[in-house]
Structure formats: structure tokens, C-alpha cells
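Take a look at the structure below.
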Amino acid sequence: MLSIDMTGKHAVVAGVADDGGFGFAIAKALAEAGATVSVASWPPAMGIFTKLLDLGKLDASLQLSNGTKLKFSKIYPLDADFDRLEDAPAEIRDNRRYRDSGDFTIGGLAAAVKADHPDGIDVVVHSLANGPEVKKPMLEVSRKGYLGAVSASAYSMVSMVQHLGPLVRRGGSFLSLSYMASERAVPGYGGGMSSAKAALESDTRILAFEAGRKWGHRVNVISAGAFASRAASAIGFIHEMIDYAKRNTPLPEAITAEEVGSTAAFLCSPLASGITGSTVYVDKGYHAMGIAVDRSAGGA
Ligand code: NAD
């Protein structure tokens, strides 16, 4: 039987701060496949996440199919806006939610992972994004807001490959998460977030080439359909997007986080050893449509 076997592999999944997003589902799918998993959490969200874990409030979500409970090897603090501690402004470093976190930058994450895994790791997942002006249309976005979205949501992946690439064992895998607004206009997905996703997908191709030639690593990106995670719910119209997708996708149903998780586990596994530089759609086929079918004239 052909199965995804990640036994003996270690994965670091960045962008997990609750059990309701893609990062958590990916971490769980990798664990289901036999990998050990660490996660990295944004310091402003990390306190409540660790508290919920300690209180057992996430136990049902952590349940694995073999009867054991998923236990993260480590939860690292990570603010992916920064590469080195010196880059973080004093008001962030001194903020009560950051000041006891140690080095919460991407460089700090790499140093901590290296100390914990001197023999290397195998998988790095980037499942995070932030657009400070995401609710603003492009005609109103500020330079700071636009660059902030690209910094947190796209350059962060470049920096993670730079910093963690040397720590990943030969043949390892990097994966990030994108959204179709990278290639089609999606009014409401603003603040330069669409630009950040376009950069993320473009960077995936050149990172795949460079990291492939340098270390033998693969770099891919999943373009996921609309899903009501905490981050997406903050944008404001996610339920309308999900309803619209359900009416117009070839498979007329909402995507699940588990579907993204299992695709991610496959892409990060040896079964996908021939796939790199790819944008893989997990959207019930929405990207393939050229016309909406929920209009009154025609359709399904
Ligand atoms: P989520 O809320 O589970 O994940 C987003 C995470 O990013 C959160 O844990 C948040 O704390 C973290 N984060 C924000 N700013 C950060 C920073 N500066 N440094 C480190 N972490 C930071 O939501 P999600 O929707 O599962 O998002 C995961 C990925 O999936 C994102 O890249 C998102 O754009 C992408 N995606 C989401 C959808 C959707 O509809 N939910 C669709 C396509 C792609």
C-alpha cells in the first residue's frame, strides 16, 4: 500500500496559534504521517495558545487516529516581520507580550531550531500572513501598509528559506500558503495582501531553483480556497466568500483544513520528490472556472 510515511522526520510549522487554521491542520497531518512536529507562534497570540494547550482545551483537536495525542516538540516564538533582534523596534522588544520571548525573529528561530536539532530537520511550513491594512482597497493603501503586508507575508518566506535552508537535511521540503487573489482581482482582499501572495508564488519558483541547486530542497506553495480561520474571519466577509465558492466550484462544497493538511503532508513527503516550484490548488477546483454559475441565466 502506498502511504505517506514521515517517520523519523521533523517538521517546523510556523503560524500556529490556535486549532482553527491551516497551520494546525498541517501540523496534525504531518504527525498523522509519523513526523515529529514543532510549531512557531506569533508572540501576541502565543500566550493564549499555550494556556489553552495547558488547560487541555485543545485536546479534542489534538487527538490522532492511532489513539495518541499530538504533542508539539517545541513551541517557538516567532514574529516573521523581523530577521534579527536589532531590526525590531524598542516598542516591540519591550512589549509585555514579547519581552520574555528571547529572540523571536526568523534568525532567532533558526538558532533555536539548530540548538534543538543539531542533526537537522526535514520540513518547514510557512502558514502565516499579516496585512495591517487588509481592509483597505488598493486605491487607499499606504506605502507602509503595502510594504508591511509584503514583509510579513512574503519576504518572511524568503528569509525562512535563507535561515532554515542550511538546517534542513538534504532533500527537505519548504511549503507556504497562498490565495488566488495573487492572480485574479478579489475586491475586499486589500492592503497589498494580493501583491504579497503574488510575490510569494513568484518567489516559490526562484527559491525552488536556488534551494534545489544548493541543498536539494523542494519549495512549493498551496493556493487554498476560502476557509474561516481566525485570520480570514478578521478580513470580514469570509462567510460570503465560502458561500460564493460553494455555489461556483466544480465540487460544490467548502474546503476543509484537513484537505489542505493532507495535501501539505503529501507535498512535504518523499512521495512528492518530483514536485518543486509548484503552486498547488486546494480549492475544490475554483481556480479552473472562467465564469460564475450562480447567476440566473444558465449555469449548473
Ligand atoms: P490562521 O489565523 O490560522 O494563521 C495565520 C497565522 O499567522 C496566525 O497564527 C497568526 O498569529 C500568524 N501571524 C500573523 N502575523 C505574524 C507575524 N508577523 N509573524 C508570525 N506569525 C504571524 O489563518 P489561516 O487562514 O489558516 O492562514 C494561514 C495561511 O493560509 C496564511 O498564509 C493565509 O494567507 C493562507 N490562506 C488562507 C486562506 C483562508 O481563506 N483562510 C485561503 C488561502 C490562503
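The values are calculated or read from the model by the stated rules, or taken from the named source; none is laboratory data. Note that this is a predicted model, so its numbers are computed, not measured. For neighbour counting, all protein chains shown are included, and Cβ atoms are generated from backbone atoms with ideal geometry for every residue, glycine included.
Here are some notes:
- Test result for Gly23, touching a strand residue (DSSP E or B) at 6+ places or on another chain (Cβ under 8 Å), among the small types (Gly, Ala, Ser) and within 15 Å of the ligand (Cβ to nearest atom): yes
- When Lys135 is tested against the conditions (1) touching a residue at least 40 places away in the same chain (Cβ under 8 Å); (2) within 14 Å of the ligand (Cβ to nearest atom); (3) under 23 Å from Val16 (Cα atoms), the lone failure is (2).
- Any hit, region 219-229, residues being within 27 Å of Arg169 (Cα to Cα) and more than 13 Å from the ligand (Cβ to nearest atom): yes
- Single condition Gly171 does not satisfy, out of (1) in a strand (DSSP E or B); (2) at pLDDT 95 or above; (3) surrounded by fewer than 16 Cβ atoms within 10 Å (Cβ to Cβ): (2)
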